[in-house]
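The structure that follows is given in the form of structure tokens.
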Amino acid sequence: MIGHVHSFVSAPVAFIGAQNVAKGGRVQLSESHPAVPPLHQIDPARHLLIAGPTASGKSALAMRVAQAQGGLIVNADALQIWSCWRVLTARPSAADEASAPHALYGHVAPGVTYSVGDWLRDIAGLLDRRLIVVGGTGLYLTALTRGLAHVPPTPPAVRAEGNVRLAAEGGLARMVADLDPATRARIDTLNPARVQRAWEVLTATGRGLADWQADTPPPLIGADDAQRIVVTADRDWLADRITARFQAMMRQGALEEARAMLSSWDPAQQWARAIGAPELIAHLRGQIDLPTATERAIIATRQYAKSQRIWFRGRMKDWKTVEADQKGTERN
């Protein structure tokens, strides 16, 4: 990982604080500005890619750049694509979308299957203008900048069989054992979604995922076509922000969003993977009380942020790192 790049940061400007306010139905951070590179160091003629863990202030950074330089803000967060979650995934508010153009937020209906390949096809149609791509889904961002092999879609019957196998006792371990050695060595074998996807590809095509990935085409946005920034922050500081933000989400309607999806809830669906959704649904079903649901959701969000940081450190080492300036940060 590239070390702390303090010279790249406008030193007097602090990252948005942990105190959250809600505007237009979306949880937002306080009005202080994020630590950003001086605008003259950001080339408006090139795309800007901003990665970072959840609650790190990257969306506010994208807004500031868009308002100063222009550009289309494009979502690179696999949780913010779903139309059913605005508050719970901290999607941009209607006011945000009115003040700067946004794309690929909340554009997928629940029940629709949506992959990183679908996202790349969507973003390919936007490349006729300057993009500010912002998000925390490392797979999206690495696929965008390194390319993604075309893997045939999984037939519904194979997907259904995979769901059954994974749900069975010891299903994950058996799926891992069934994979071809090259794929098994490459993927996160503790991630059920990744393992099932690899198993489905091998079962449906007779060819391992690693073999398909070896035929990777050129990236949509190469290293010379964009500035690439990874926002980093102190773990404890970020944990405090995650807590404050989720509490604000609860005040601003996250539970109501979950209630609206209660009748159609299916934990096997992609849209049901929104962080905090399973815990709120469990509360609405009377399985746990609300304080417990809230605390578990906050813990799940912190774990998600940890997995994001691991991805950035391991797979995006050639991105420039900008560390949050936490001095003078508001807290509550």
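Taking region 180-212, which residues are within 21 Å of I310 (Cα to Cα) and outside any helix (DSSP H, G or I)?
Across region 180-212, the qualifying residues are I187, D188, T189, L190, N191.
Taking only region 136-171 into account, find how many residues are farther than 30 Å from T232 by Cβ and in a loop (DSSP other than H, G, I, E, B).
Number satisfying all stated conditions: 9.
Being touching a residue at least 24 places away in the same chain (Cβ under 8 Å), more than 19 Å from the chain's Cα centre (by Cα) and outside any helix (DSSP H, G or I) narrows it down to one of L126, L79, so name that one.
One residue alone meets the criteria, L126.
Further question on the same structure: Which one is modelled with the lowest pLDDT, of the residues in region 55-76 that are in a loop (DSSP other than H, G, I, E, B) and buried (at least 23 other Cβ atoms within 10 Å of the Cβ)?
Of everything passing the filter in region 55-76, G57 is modelled with the lowest pLDDT.
Further question: Among the listed residues A143, A149, A124, identify the single one that is closer than 17 Å to G222 by Cα and in contact with an Asp or Glu (Cβ under 8 Å, 6 or more places away or on another chain).
Sole residue among the options that is closer than 17 Å to G222 by Cα and in contact with an Asp or Glu (Cβ under 8 Å, 6 or more places away or on another chain): A149.
Still on this structure, I have one more. Restricting attention to region 258-272, report how many residues are in a helix (DSSP H, G or I) and surrounded by fewer than 15 Cβ atoms within 10 Å (Cβ to Cβ).
Looking only at that region, the number is 5.
Residues in region 106-117: is at least one surrounded by fewer than 23 Cβ atoms within 10 Å (Cβ to Cβ), closer than 19 Å to L141 by Cα, touching a His at 6+ places or on another chain (Cβ under 8 Å) and at pLDDT below 95?
Scanning region 106-117, I find at least one residue that is surrounded by fewer than 23 Cβ atoms within 10 Å (Cβ to Cβ), closer than 19 Å to L141 by Cα, touching a His at 6+ places or on another chain (Cβ under 8 Å) and at pLDDT below 95, so the answer is yes.
Any residue that is over 18 Å from the mean Cα position of the chain (by Cα), in a helix (DSSP H, G or I), surrounded by 13 or more Cβ atoms within 10 Å (Cβ to Cβ) and at pLDDT below 95 - is there at least one of those in region 213-220?
Within region 213-220, one or more residues are over 18 Å from the mean Cα position of the chain (by Cα), in a helix (DSSP H, G or I), surrounded by 13 or more Cβ atoms within 10 Å (Cβ to Cβ) and at pLDDT below 95.
The values are calculated or read from the model by the stated rules, or taken from the named source; none is laboratory data. Since the structure is predicted, the reported quantities are computational estimates derived from the model, not experimental observations. In this analysis, Cβ positions are derived from the backbone assuming ideal geometry, glycine residues included, and neighbour counts consider all displayed protein chains.
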